[in-house]
Amino acid sequence: MSGEGADGPVDHPAVPVRVRVTAPEGAPLSVTARRAGHDPAAEFYVRSLIRSQLRLSLSVALGFLLLLLCLAVMVAVWPQIHAIRILTIPLPWIVLGIGVYPIILLGAFLYNRASARYEARYRDVTGE
Amino acid sequence: MSTGTALLAIAVVILATVLIAVHGLRLSRTTGDFYVASRTVRPWWNASAIGGEYLSAASFLGIAGLIVVSGQDALWFPIGYTAGYLMLLLFVAAPLRRSGAYTLPDFAQIRLNSRIARLVTSILVVVVGWLYIVPQLHGASLTLAITTGLPGWLGAGMVMAVVCLTVVAGGMRSITFVQAFQFWLKLGALAVPTVFLLLQLGITGRSATGNGLAFDLPQEALGQSGIYSTISLIVALLFGTLGLPHVLVRFYTNPDGASARRTTAIVLGLLSVFYLFPTVLGVLGRVYLPELAQNGNADATVLLLPSRVVGGTAGNLLTALVIGGAFAAFMSTTSGLVVSLAGVMSQDLFGGTVRGFRYSAVLASAVPLLLALGTSTLALAGAIGSVFAFTASTICPLLLLGIWWRGLTAAGAVAGMLAGALGCAGAMLVASALPGLSGLALGLATQPAAWTVPLAFVVTIVVSLATRGLAPGATSTVMTRLHAPERGSAAPRAARP
């Protein structure tokens, strides 16, 4: 191995050399503090970004978990609900087999929008 | 169903896999090419590829089988398999992509800067992978035995041999296109028969639900401990998805954090559509194949329905399509796992050489094959559920606390992972060693996630607080890298002047 051929478009042999792909190049696995003199303002902005993202994620997750819990309890303690049928299919089957999925998708869509908005705001205040 | 058609369908899928692998060898690329190519993958392709690797025997065969046996309780499985990606989206997708980690052990090292934490993570990833491959092989055994009458071990051996050889030869990987194609193949292999069966029933004037009979037949409860089992299962499925090694690798092919989120949202859409079909087939199975609930072959529901309902040549062709889709599911999930495992093993145990990678690939294939041949076939969806419980109790605390809590230390992470692993494995051993358990005790042992996941979190947090002084020095920098949006990579539609 010459040690050069792999990373430049210098000369392309007919069959490129096969190499094993391992950890990414741009991201060193051991991180050392980038700036010795810490920037308190930047640190503050990152911390508040993380806080708002975490609050957002937790509220979507807890809302969804609460919904699932309510469904599980409803099905368990209220067996009469089976008598409610649409096209011979009992209501719990419709809710669990079909109804839950649009709610999951809606949650994902709203979360993505809000999360991107937080990041845009972070970009604005940090001027990046 | 004639044995010949079944064997032909299996042969076609295996041949296609080998051909693609050989072709992939010729498409060999340099590391640089790989990364450049990776960045141009569109979220739609990437999401299809994730779906292709994720949908395994448990989804393809297991869900319909479980609906036949357990009825309504089984509907929680597809909900959990899908909603796991919602949790992935909310807590992991973007930060994990931004961490630059290619594997879970990479993440442990980046965040904790500790060799021991990396090693423990690697070992757990390997265990999870092995346990996850076993049900795929059981699925292959079942499919071959039911559709051709040949001995089942042949199916498991065939899948493992093909996967192992292609991986050792170096093919079948990183080809987003192939995995994406697998998703649409699996979707088609269930959707086409489902639509055809419903049409056929409609034309011949038979009711798809047996006039509601499907929902009134006896349903074997999932666990004997009522709502505890349901909750524990949901916890396992929701938080187990976070730690699946073969899925996480795929997130690296997203260009940035924002597109990782978009990809995950699309995955949710694809899975929501996919799971509709096994659910419908399960309901049909309750009406037209009720005997499967008793004879222990419920997982064959999807395979047997077409010939039962339609019969004739059309039934044979549909069955062949389902068999092909099933083998595609076993092979794509297994090969994704074997490659991830071989990568982790070779890096941490064999020093990262190519020869080490090959040894690791053989080891990653041989162990689960022996496990699969030495154990009897359990219900596929349930077996996968146990793997999710184990992942949720070990990898999930590391990821969630590592991404969102500055106070995590290497000692805390290792202690938490070990506590979760011992708790979960211990519970399952107790469950198999003491068949006399009943009531809540049985629930706690067979569905341990509801107590082992909190246990792992508590141990991680307590030990981290106790070893506060040993927190990695660069935590602030790492947290910034995980959460701050990439510079200059604002999505096109958000571009500002």
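The values are calculated or read from the model by the stated rules, or taken from the named source; none is laboratory data. Computed from a predicted structure; not experimentally measured. Cβ sites come from the backbone with ideal geometry, for glycine too, and all protein chains shown count toward neighbours.
So in the range B:367-397, with the set limited to residues that are modelled with pLDDT of 80 or more and over 19 Å from the mean Cα position of the chain (by Cα), which one is nearest to B:Thr460 (Cα to Cα)?
Step by step, filter the range B:367-397, then rank; the result is B:Leu370.
How many residues does the range B:86-109 hold that are more than 7 Å from every other protein chain (Cβ to nearest Cβ) and of a type outside the set (Gly, Ala, Ser)? Write out each step before concluding.
Of the residues in the range B:86-109, the ones more than 7 Å from every other protein chain (Cβ to nearest Cβ) are B:88, B:92-99, B:101, B:103-105, B:107-108.
Those left that are additionally of a type outside the set (Gly, Ala, Ser): B:88, B:92, B:95-98, B:103-105, B:107.
Qualifying residue count, the range B:86-109: 10.
Take the range B:76-103 and flag every residue that is closer than 30 Å to A:Ile94 by Cα and out of contact with any Ser or Thr (no Cβ under 7 Å at 6 or more places or on another chain).
B:Phe77, B:Ile79, B:Gly80, B:Ala83, B:Leu86
Tell me, please, whether a residue that is surrounded by fewer than 24 Cβ atoms within 10 Å (Cβ to Cβ), closer than 24 Å to B:Ala58 by Cα and at pLDDT 90 or above can be found in the range B:412-422.
Our first condition is that a residue be surrounded by fewer than 24 Cβ atoms within 10 Å (Cβ to Cβ); within the range B:412-422, this holds for B:414-415, B:418-419, B:421-422.
Remaining after also requiring closer than 24 Å to B:Ala58 by Cα: B:421.
From what is left, the residues that are at pLDDT 90 or above are B:421.
Yes, the range B:412-422 contains a residue that is surrounded by fewer than 24 Cβ atoms within 10 Å (Cβ to Cβ), closer than 24 Å to B:Ala58 by Cα and at pLDDT 90 or above.
Going through the range B:373-402 one residue at a time, which ones are surrounded by 24 or more Cβ atoms within 10 Å (Cβ to Cβ) and more than 22 Å from B:Tyr81 (Cβ to Cβ)?
If the condition is that a residue be surrounded by 24 or more Cβ atoms within 10 Å (Cβ to Cβ) and more than 22 Å from B:Tyr81 (Cβ to Cβ), then B:Gly402 is the only one that fits.
Is there any pair with a first residue in the range B:211-236 that is at pLDDT 70 or above and a second that is assigned to a loop (DSSP other than H, G, I, E, B) and aliphatic (A, V, I, L, M) whose Cβ atoms are under 8 Å apart and which are 6 or more apart or on different chains, and what are they?
Listed by first residue and then by second, the contacts come to B:Ser229/B:Ala221; B:Ser229/B:Leu222; B:Thr230/B:Leu222; B:Leu233/B:Leu222.
Go over the candidates B:Thr40, B:Thr31, B:Thr5 one by one and state the one that is more than 24 Å from the chain's Cα centre (by Cα), surrounded by fewer than 20 Cβ atoms within 10 Å (Cβ to Cβ) and modelled with pLDDT of 80 or more.
Testing whether each residue is more than 24 Å from the chain's Cα centre (by Cα), surrounded by fewer than 20 Cβ atoms within 10 Å (Cβ to Cβ) and modelled with pLDDT of 80 or more leaves just B:Thr5.
Is it fair to say B:Gly436 is without any contact (Cβ under 8 Å) to a residue 60 or more places away in the chain and assigned to a helix (DSSP H, G or I)? Outline the logic, then answer.
Working: without any contact (Cβ under 8 Å) to a residue 60 or more places away in the chain: yes; assigned to a helix (DSSP H, G or I): no.
Against the criterion (without any contact (Cβ under 8 Å) to a residue 60 or more places away in the chain and assigned to a helix (DSSP H, G or I)), B:Gly436 does not qualify.
In the range B:280-296, what count of residues is obtained for those that are within 11 Å of another protein chain (Cβ to nearest Cβ) and not in a helix (DSSP H, G or I)?
0
Looking at (1) within 23 Å of B:Val280 (Cα to Cα); (2) at pLDDT below 85; (3) within 9 Å of chain B (Cβ to nearest Cβ), can you tell me which one A:Ile86 breaks?
Checking A:Ile86 against (1) within 23 Å of B:Val280 (Cα to Cα); (2) at pLDDT below 85; (3) within 9 Å of chain B (Cβ to nearest Cβ), the one that fails is (3).
Out of the helices (runs of 4 or more DSSP H) lying entirely within the range B:93-157, which hold 1 or more residues that are of a type in the set (Ser, Thr, Tyr)?
Details: elements: B:93-99, B:104-112, B:115-148.
Output list reads B:93-99, B:115-148.
Considering only the range B:445-456, state which residues are away from chain A (no Cβ under 14 Å) and at pLDDT 80 or above.
Here is the first cut: in the range B:445-456, the residues away from chain A (no Cβ under 14 Å) are B:445-446, B:448, B:451-452, B:455-456.
Answer for the range B:445-456, where residues must be away from chain A (no Cβ under 14 Å) and at pLDDT 80 or above: B:Pro448, B:Trp451, B:Thr452, B:Leu455, B:Ala456.
Between residues in the range B:150-167 that are closer than 15 Å to B:Ala326 by Cα and residues that are of a type in the set (Phe, Trp, Tyr), which pairs lie under 8 Å by C-beta distance while being six or more apart or on different chains?
Here the result reads B:Val159/B:Phe327; B:Val159/B:Phe330, each pair linking the range B:150-167 to a residue that is of a type in the set (Phe, Trp, Tyr).
If the Cβ limit is 7 Å and pairs must be 6+ apart or interchain, which residue in the range B:265-279 that is free of Cβ contacts under 8 Å to residues at least 60 places away in the same chain and more than 7 Å from chain A (Cβ to nearest Cβ) pairs with which residue that is charged (D, E, K, R) and surrounded by fewer than 24 Cβ atoms within 10 Å (Cβ to Cβ)?
none
Given the condition free of Cβ contacts under 8 Å to residues at least 60 places away in the same chain, among the acidic types (Asp, Glu) and surrounded by fewer than 24 Cβ atoms within 10 Å (Cβ to Cβ), answer yes or no: does some residue in the range B:248-258 qualify?
Residues of the range B:248-258 free of Cβ contacts under 8 Å to residues at least 60 places away in the same chain: none.
Within the range B:248-258, not a single residue is free of Cβ contacts under 8 Å to residues at least 60 places away in the same chain, among the acidic types (Asp, Glu) and surrounded by fewer than 24 Cβ atoms within 10 Å (Cβ to Cβ).
Looking at (1) over 21 Å from B:Ser476 (Cα atoms); (2) buried (at least 17 other Cβ atoms within 10 Å of the Cβ), which one does A:His82 not meet, given that it meets all the others?
(2)
Give me the residue from the range A:89-128 that is facing chain B (nearest Cβ under 7 Å) and outside any helix (DSSP H, G or I) and, out of that set, nearest to B:Asp256 (Cα to Cα).
A:Glu128
Taking the condition of being over 19 Å from B:Leu165 (Cβ atoms) and either within 14 Å of chain A (Cβ to nearest Cβ) or touching a Pro at 6+ places or on another chain (Cβ under 9 Å) (or both), how many residues in the range B:326-344 meet it?
Residues in the range B:326-344 being over 19 Å from B:Leu165 (Cβ atoms) and either within 14 Å of chain A (Cβ to nearest Cβ) or touching a Pro at 6+ places or on another chain (Cβ under 9 Å) (or both): 1 in total.
So B:Gly205 clears everything in (1) buried (at least 17 other Cβ atoms within 10 Å of the Cβ); (2) over 17 Å from B:Ile67 (Cβ atoms); (3) at pLDDT below 75 except one condition, right? Which one?
Only one criterion is unmet by B:Gly205, namely (1).
Within the range B:467-484, work out how many residues are more than 8 Å from chain A (Cβ to nearest Cβ), in contact (Cβ under 8 Å) with a residue 40 or more places away in the chain and either among the charged types (D, E, K, R) or in a helix (DSSP H, G or I) (or both). Give the derivation first.
The first filter runs over the range B:467-484 and keeps only residues more than 8 Å from chain A (Cβ to nearest Cβ), leaving B:467-472, B:475, B:482.
Pick out the ones that are also in contact (Cβ under 8 Å) with a residue 40 or more places away in the chain and you get B:467-468, B:470-472, B:475, B:482.
Retained after the next criterion (residues that are either among the charged types (D, E, K, R) or in a helix (DSSP H, G or I) (or both)): B:468, B:470, B:475, B:482.
Summing the residues that are more than 8 Å from chain A (Cβ to nearest Cβ), in contact (Cβ under 8 Å) with a residue 40 or more places away in the chain and either among the charged types (D, E, K, R) or in a helix (DSSP H, G or I) (or both) in the range B:467-484 gives 4.
Going by the conditions given, is B:Val120 at pLDDT 90 or above, more than 9 Å from chain A (Cβ to nearest Cβ) and surrounded by 22 or more Cβ atoms within 10 Å (Cβ to Cβ)? Break it down into steps so the answer makes sense when it comes.
Details: at pLDDT 90 or above: yes; more than 9 Å from chain A (Cβ to nearest Cβ): yes; surrounded by 22 or more Cβ atoms within 10 Å (Cβ to Cβ): yes.
It is true that B:Val120 is at pLDDT 90 or above, more than 9 Å from chain A (Cβ to nearest Cβ) and surrounded by 22 or more Cβ atoms within 10 Å (Cβ to Cβ).
Just to be sure, is B:Gly351 outside any helix (DSSP H, G or I) and either closer than 27 Å to B:Ile50 by Cβ or within 14 Å of chain A (Cβ to nearest Cβ) (or both)? Give the steps one after another, and end with the answer.
Numbers: outside any helix (DSSP H, G or I): yes; either closer than 27 Å to B:Ile50 by Cβ or within 14 Å of chain A (Cβ to nearest Cβ) (or both): yes.
Yes: the conditions hold for B:Gly351.
Pick from A:Ser30, A:Ser48, A:Ser59: which is facing another protein chain (nearest Cβ under 10 Å) and at pLDDT 85 or above?
Details: A:Ser30 fails: at pLDDT 85 or above; A:Ser48 fails: facing another protein chain (nearest Cβ under 10 Å).
A:Ser59 is the lone residue from the list that is facing another protein chain (nearest Cβ under 10 Å) and at pLDDT 85 or above.
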